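Here is the structure we will look at.
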2 protein chains.
Amino acid sequence: MEKFKVTFYPDNKTVEVPKDTTILSAAVSGGIYINSSCGGDGVCGRCKIILKSGKIISQPTGAISLEDRKKNIHLACLSNIQGDIEVEILPESRLSLDGLTPEEIHARIKDIYSEIEEVELAGARAGKDIFNYAPLTTKVYLELPKPTLDDKVSDLERLNRQISRVKNIPPPQTGLANIRQLGELLRDADWKVTVTLGKRESTTEVILVEPGDTSQKNFGFSFDIGTTTITGQLVDLNTKKVIGAKSMYNKQISFGSDIITRIIYAREEEGLERLHLAVVDCMNQIIQELALEHKLDLNDAVSLLAAGNTTMIHLLLSIDPSHIRKEPYVSTADFTPTLKASEIGLRINPRGLLVCVPGVASYVGGDVTSGVLSCGLDREKDLSILIDIGTNGEIVLGNEEFLISCAASAGPAFEGTGVSSGMRAARGAIQKVRIGASDFEVEYDTIGGARARGICGSGYIDIISRLLNVGILSKNGKIKDIKNKRIREGEFGREFILVFKKESDTALDIVINEADIENLKRAKAAIYSATASLIRHMKLDFKDVKKIFIAGGFGTYLDIDNAINIGLLPDLERKRFIFVGNSSLAGARQMLLSCQALARAGGIARKITYFELSVEPGYMEEYMAALFFPHTDLKLFPTVKYKN
Amino acid sequence: MEKFKVTFYPDNKTVEVPKDTTILSAAVSGGIYINSSCGGDGVCGRCKIILKSGKIISQPTGAISLEDRKKNIHLACLSNIQGDIEVEILPESRLSLDGLTPEEIHARIKDIYSEIEEVELAGARAGKDIFNYAPLTTKVYLELPKPTLDDKVSDLERLNRQISRVKNIPPPQTGLANIRQLGELLRDADWKVTVTLGKRESTTEVILVEPGDTSQKNFGFSFDIGTTTITGQLVDLNTKKVIGAKSMYNKQISFGSDIITRIIYAREEEGLERLHLAVVDCMNQIIQELALEHKLDLNDAVSLLAAGNTTMIHLLLSIDPSHIRKEPYVSTADFTPTLKASEIGLRINPRGLLVCVPGVASYVGGDVTSGVLSCGLDREKDLSILIDIGTNGEIVLGNEEFLISCAASAGPAFEGTGVSSGMRAARGAIQKVRIGASDFEVEYDTIGGARARGICGSGYIDIISRLLNVGILSKNGKIKDIKNKRIREGEFGREFILVFKKESDTALDIVINEADIENLKRAKAAIYSATASLIRHMKLDFKDVKKIFIAGGFGTYLDIDNAINIGLLPDLERKRFIFVGNSSLAGARQMLLSCQALARAGGIARKITYFELSVEPGYMEEYMAALFFPHTDLKLFPTVKYKN
C-alpha cells in the first residue's frame, strides 16, 4: 500500500501512514494530540489544522467557515491524506500535556476516538408487553411434502400451501429474487427450509427462504433517530430481549445543529444526498458494531424499525424536506410505506424490511407517536402529558379520549452539544452532581462509573440546580463573583470547574460557563413555555394533569426535583412524574415485536391533533417569562427556594 | 464512426460499413443477396457465410453445427463486423437472380429484412366484453385542495385522501421513488395531477404521479409468448380498442425449436440468461415498433399482460425451468407475482406493471388459462373442448363444472418453421389454397393480399388436404410420381411447387416437399391423438362434445373442412367448430382490461386438472394410428373421401 509522510507543526514530528488515512488518525498513530470531543465523527469541529503543503481530500463540513476554508483550515478527522503533507495544528486544537506521565498521555490520545457508546436505556424499561407478540418478521421452519406425480403443485405454491397450513394465513407474496432461487434451493435442502415472513402493510410477504432450520436466528433493530443523537438496539425477535444498544451523535450535525438549518442545507447542491448518507452511515455504524460485538451475521437481521422526527425520516429516506419549513408547514409524507432496508443503503439482510413509525405533522413526528405508544398516554383514563426533552422538544397532552401536541425548538444543549464540556449520555458522562453548600466541593457520578469525560443532559440539570441552590448562580443565569478555586473568568464568561483536568479522562478541565448556562436556560424555557401554552390553549391548569411522563436521551437518570428546581418542569407533586427515558426507542422496539403495536401507532398518529405554537398568541410572552430560574412568576414554583 | 471494408465472394464486391454492422446488413447495403427467411432474427439459419479473413463477433446460435463452426461458418445476421473482412456466401445461401429487372432485384434484397409483421388477429374477435371494465392500470385526474394552516395533512396523505374520495377505495400504496418527487411535483403542477393506479394482487398502488391532466394517455400491451411465435397488441385502456398488433418469431428458436431443447439449453453456461434476453428482446422490438407506428410515448404505457406456456414464462422471468422436464415434472411457479415490467428489462414506463397469466402445470401454462377464459369454456353448460394448435398443442375438455387438460408436443410446423417454405401468419403468407382437380393449377390467397413469400399453417392444411383430394398425395404422406410441371424431385424428397419464383416475393420457388409433409403429419397426429386420448380417458366420445373451439396463430383464416380432411380435427358436424384464432392473446387483452377477468383466470388455473399424457396407457398407439391421412381407422372419418 502506498504510504505518505505527514509532518505536524508545532510538534515537528513526522509519521508515515497509508494513503487515505485521516490526519486525525495519523496524529493518533504518532502520539500527537489534537483536540476532538466527538471521536472523529466530524461533529464537534474541534480538530482544526492548517494545511501547509501537500494534497488531501476533505469531506464537506459545516464546521469550517468560508473564511477559515480560504485560510486552508480543515478538520483533521475529515481530511484524507493523498500525498506527503505538512500540517499545523491550530492553537485551540492543541493541548498542553505538561505534568502527565507518558502512560497518561498515551491513554488520552488513544481516547480521542470515542467508540460508539453502549448505552443503558431507561427507555427499555418503559413499554410493557401489553401488545400481542407478532414481530415484523417471523421465521418458520417447514418440512414440505416432496412433489410426486399425484401432487404436482409448483414449488412456489407448494411453499405457500405449507405456510398457509402452518400459519393459518392466506398465501403470502414473494418477490422474483426468491422465486428465481427456489427450485434449486428446495431440492438442495431436501424440502426442509426456513421462511422469513414479513408484514408489508396488509399483506404478508416471504422475505427469505433459507435451507434447513434457521428459525432461531431472527433479529431486528429498533432505532431512535434524533436530530442530535442516534440510538439503536439489537433485538432478538424470538426471545423479545434487547441484546445490545449503542448511541452516537448524528453526523448531520456538521451540516447544522437544528432541524431548520438542515432543511436549508438539504436544498444546497448534493445537500439532501449528504444528509441522507450521514444518517444512514450512523445507523450502519451502530448496526455493524452491535453485530460485531454480539457475533451476529447481519443476514440474520431481517427487520428494522425507525422512529424519528418528520425531518429526520425525510432525510433518512432522501425525501426533500423543504416544505416543512414553508408556511403552511406541510411534510411530504407522514405515513411512509414499508421498504426494503437496502433500498436506502441500510446494511442488514438485503431483503430485510424497514418500517418508519408514522408521524403526525411537520414538527411532530414518529418519535412522538412512538413515545405516546410506549408510555401509554393514549390508554390513560386521567389527563396526562408526555414531555420529550430533545433538540426538538415535543409535548403531548391528553388521555384515551384526545391527544394534542406541539413542538418547541429547544436546541441540542441537553444532548451535550453547543455547550463547552457537553457530551451525549454515554460512558464517562457526568449524569448526577452534588455541590457542597459551603465549600462548593463537587461529587458526581458518571455513566458506567468511568472517569469523567464530559457532562450530559441530566448532569447539567443537576449542576444548574445546585449552583442555584448554593447561591453561586443568579436567577438570570450569571455566575457570581465568588473567590473559589472552582470559579474563574473564561473566554465565554465566568465559569465553574466541575472536574480538574488531572482527574478528567480528557486533557481538559470539565466546566460550565455562562454561555453554556444561557443555552441551557433557553432550552428549558422553550420546553416549559411550550408545555404551559398547550395547557392554557386547552383551557386547563397544570394541576389537572395527573401523570407527567418525562422522556429524553438522559441515560439511566434524571432528577425530577432538580428539573423542577431550574424551571424545566412544572412544580407539581413529585409522585405525578414518571421518567421514561428514551420513549421513542422503547416504542420502536414494541412495534418491532408487535404488528398490533404498529397498527396502534398508526391510530395514534391519526388521533393526535397538532397545535402550531408559532402562531399561538401569548407564546412569546410565556417564553420570555421562562428565561429566568425557575421563572419570573415565582407563584408557579411554590416549592422552589434558592439560597439567595 | 469507425468504418470497415467487407468483401463478398463469389460476387467479389466490397462495401464499407460502420463497426458492429451485421454481415447480412452489409450485404443488403451493397445489393448482394443472401438468403434469409426470418428477417435477420437468427432463427431460420439460412444466411450462412464462411469467414475467409478478418475479425467478427458472432452471437451464439444453435443453427450452426459444431462441425460447421470449425469450418468458420457463421450466420450473416448474427455476425458483427469488427475490422476489414472477407466472406464467402455459401452456395445454399446464394441465389441466382437471373432474369429479374434491377428494380425487382432491389425490391427483393430490401425485403430480406422482413419487418415485424402487423397481424390481423382472429383472436381479437373472440373474448366478448363479459367482464367488468376495470383495467390493470387506470389514470385519474385530480385537483387537490391546497394545504392551509387548517388543512395541513402531508402531501402523500393529501393525494391518497383525494384518491380515496374520487375512487371510493382505501388509501393506495406508493413507492419511495414517487414519494421523493411528490413535494416539488404537486407544487409545480399547482396541485393538479394525474395518478396512475395499478392493481398489485389485493392492493391498489400509485404507479405514477404526473403533472396536469394526462388521463387520456393510458395504454397497455397484451402478449402471447409462444415457443415459436410472439405476438403483441397495443391496447388503449380507456377506449378498450386494440390499436395495433405485431408478431415475430421467438428469437429463442436459435437455441432450440421446442420446449425441451430450450430447457436443456437453459442449464448451459449463460443459457438461461440468453434465453431470457432473447424473449425480452422480441417483446421490446414489438413494443417499440408499435409505439413508433402509433406515435406512442412509451411512458404512457403502464401495464403489460403476458400469457405464455409455463416454460416461456419461466424464461421470461429468468426462473430456472429445469425441473419442468424432470419427473415428477414440477414447475417453480405457476402463479407469479405482479412485477415492475422494468425488473425484467421490458421497456414500457419503468414503473409500469407486468402480470403473467397464472398457469396450471408444467406443460399447461397461462396461455391455456387465457384461452379458456377468452373462449368461455369454463362458462359453457355443454361439454366443450378447446384445441390450441401450437408448437406445444394444448387441449382442454370440460364445461362450467370441470376442466381437464393435456399437452402434446406437436412441433412448430404449423407455425411455419422446420418446413422448407414455411413462415408465420404474416403479410405475404399463403393462407388459403385451391388446387385444380385435373390440371393441378393452384389458386391462393395471401395475408394482406401481398405477393407470396411463404406458407403459413392454414395454408399447409389447405395444401395437404387438396393434394390428398386430387390424388397427388398418398395416405402415408408420399407425393405420387405424376408428370406435371409442379412436381419434381428435390433434396428432401419429391416436392410440389405452389408458386414459381418469378411470381413469388422472394427469389425462391415456394414448395412443399415430403419432409415438410412428414413434419406436418407428425404435428397433426400429436394433436389428434392427444385429443382422442383425453376424451377416452374421461370415458367420453367425440360425439358428446358440443362445441369445439379451435385456437392457434393462423391469422384470419382456418378451413375446418380441410383440417378434418387431413385428420387434424375429429370428423364431427361442422357447425360445432368455432375458430377463435389466438385465444391466448384474446384472453390476455381481456385481463388487461378487467381485473375481474384476471381473477377469473386465477380460478380457471386452479380448476383445471392436468392430465399427464406421457404416462397414459394407449397414447402411443393412438399417435401411431394417427400418422396417416386422415387416420388408420377410417370409420373415425366417415365424411372424408380422397380421389383414389
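The set of residues from the range B:412-428 being within 20 Å of B:L386 (Cβ to Cβ) and either touching a Lys or Arg at 6+ places or on another chain (Cβ under 9 Å) or in a strand (DSSP E or B) (or both) comprises B:F414, B:E415. In this structure, does B:D378 turn out to be in a loop (DSSP other than H, G, I, E, B) and not assigned by TED's automatic domain parsing to the domain that holds B:R46? It is false that B:D378 is in a loop (DSSP other than H, G, I, E, B) and not assigned by TED's automatic domain parsing to the domain that holds B:R46.
Residues in the range B:41-73 that are farther than 27 Å from B:M423 by Cβ, in a loop (DSSP other than H, G, I, E, B) and among the basic types (K, R): B:K55, B:K71.
No other residue among B:D388, B:D378 is more than 14 Å from chain A (Cβ to nearest Cβ), surrounded by fewer than 24 Cβ atoms within 10 Å (Cβ to Cβ) and either in contact with a Leu (Cβ under 9 Å, 6 or more places away or on another chain) or not aliphatic (A, V, I, L, M) (or both) apart from B:D378.
Return the only residue of B:V396, B:V302 being over 29 Å from B:S215 (Cα atoms), at pLDDT 95 or above and away from chain A (no Cβ under 14 Å).
Only one candidate qualifies: B:V396.
Considering the conditions (1) of a type in the set (G, A, S); (2) closer than 30 Å to B:M538 by Cα; (3) buried (at least 24 other Cβ atoms within 10 Å of the Cβ); (4) more than 10 Å from chain A (Cβ to nearest Cβ), B:A361 is excluded by exactly one of them, (4). Every condition in (1) within 25 Å of B:L339 (Cβ to Cβ); (2) free of Cβ contacts under 8 Å to residues at least 60 places away in the same chain; (3) of a type in the set (A, V, I, L, M) is met by A:I230 except one, and the failing one is (1).
Residues that are polar (S, T, N, Q) and within 20 Å of B:A525 (Cα to Cα) are absent from the range B:480-495.
Annotation for the range A:324-331: at least one member residue is more than 19 Å from the chain's Cα centre (by Cα), of a type in the set (S, T, Y), surrounded by 23 or more Cβ atoms within 10 Å (Cβ to Cβ) and part of a loop (DSSP other than H, G, I, E, B). In the range A:513-538, the qualifying residues are those that are basic (K, R) and surrounded by 20 or more Cβ atoms within 10 Å (Cβ to Cβ), and the one that is farthest from the chain's Cα centre (by Cα) is A:K521. The single condition among (1) modelled with pLDDT of 95 or more; (2) buried (at least 24 other Cβ atoms within 10 Å of the Cβ) that B:R424 does not satisfy is (1).
Would you confirm, using the coordinates I've provided, whether B:T174 is crowded, with 17+ Cβ neighbours inside 10 Å and polar (S, T, N, Q)? When the stated conditions are applied, B:T174 passes them.
Residue check: B:V153 meets all listed conditions (1) touching a helix residue (DSSP H, G or I) at 6+ places or on another chain (Cβ under 7 Å); (2) more than 14 Å from chain A (Cβ to nearest Cβ); (3) at pLDDT 90 or above; (4) farther than 29 Å from B:D11 by Cβ but one, namely (2). Out of the residues in the range A:358-385 that are hydrophobic (A, V, I, L, M, F, W, C) and within 18 Å of the chain's Cα centre (by Cα), state the one that is nearest to A:E616 (Cα to Cα). It comes out as A:V364.
Contact map, the range B:600-629: residues that are closer than 30 Å to A:R158 by Cβ and acidic (D, E) paired with residues that are surrounded by fewer than 16 Cβ atoms within 10 Å (Cβ to Cβ) and at pLDDT below 95, Cβ distance under 8 Å, separation 6+ or inter-chain. Pairs shown: B:E612/A:L149.
Residues in the range A:491-547 that are aromatic (F, W, Y) and more than 16 Å from A:I566 (Cα to Cα): A:F492, A:F496, A:F500, A:F542.
Scanning the range A:461-491 for residues that are within 31 Å of the chain's Cα centre (by Cα) and loosely packed, with under 14 Cβ neighbours inside 10 Å yields A:N476, A:E491.
The set of residues in the range A:332-352 being outside any loop (DSSP other than H, G, I, E, B), over 21 Å from the mean Cα position of the chain (by Cα) and in contact (Cβ under 8 Å) with a residue 12 or more places away in the chain consists of A:L339, A:K340. If you go through the range A:206-245 and keep only what is within 14 Å of chain B (Cβ to nearest Cβ) and at pLDDT below 95, you end up with nothing.
In the condition set (1) of a type outside the set (V, I, T); (2) under 17 Å from the mean Cα position of the chain (by Cα); (3) not assigned by TED's automatic domain parsing to the domain that holds B:Q590, B:D445 is compliant with all but (2).
Answer yes or no as to whether B:I243 is buried (at least 24 other Cβ atoms within 10 Å of the Cβ) and of a type in the set (A, V, I, L, M, F, W, C). Full working, then the answer.
Values: buried (at least 24 other Cβ atoms within 10 Å of the Cβ): no; of a type in the set (A, V, I, L, M, F, W, C): yes.
In short, no.
Scanning the range B:175-201 for residues that are more than 12 Å from chain A (Cβ to nearest Cβ), of a type in the set (D, E, K, R) and under 28 Å from B:T338 (Cβ atoms) turns up just one, B:K199. Please go through the range B:306-323 and pick out each residue that is assigned to a strand (DSSP E or B) and either within 12 Å of another protein chain (Cβ to nearest Cβ) or in contact with a Gly (Cβ under 7 Å, 6 or more places away or on another chain) (or both). Correct list: B:A307, B:G308. Note on the range B:332-349: among residues that are within 9 Å of another protein chain (Cβ to nearest Cβ) and buried (at least 24 other Cβ atoms within 10 Å of the Cβ), the one that is farthest from B:L290 (Cα to Cα) is B:T332. The set of residues in the range A:448-475 that are in contact with a helix residue (DSSP H, G or I) (Cβ under 6 Å, 6 or more places away or on another chain) and either modelled with pLDDT under 95 or of a type in the set (F, W, Y) (or both) comprises A:G457, A:Y460. All conditions in (1) under 30 Å from B:T239 (Cβ atoms); (2) buried (at least 19 other Cβ atoms within 10 Å of the Cβ); (3) modelled with pLDDT under 95; (4) of a type outside the set (D, E, K, R) hold for B:I510, with the sole exception of (1).
Counted as qualifying within the range B:512-627 are the helices (runs of 4 or more DSSP H) with 3 or more residues that are farther than 17 Å from B:G393 by Cα, out of contact with any helix residue (DSSP H, G or I) (no Cβ under 7 Å at 6 or more places or on another chain) and outside the structural domain of B:G398 (by TED's automatic domain parsing), namely B:514-537. The residues on offer are B:K199, B:K167, and the sole one that is buried (at least 20 other Cβ atoms within 10 Å of the Cβ) and charged (D, E, K, R) is B:K199.
The values are calculated or read from the model by the stated rules, or taken from the named source; none is laboratory data. The shown structure was predicted, so the numbers you read here are calculated from the model rather than taken from an experiment. Cβ sites come from the backbone with ideal geometry, for glycine too, and all protein chains shown count toward neighbours.
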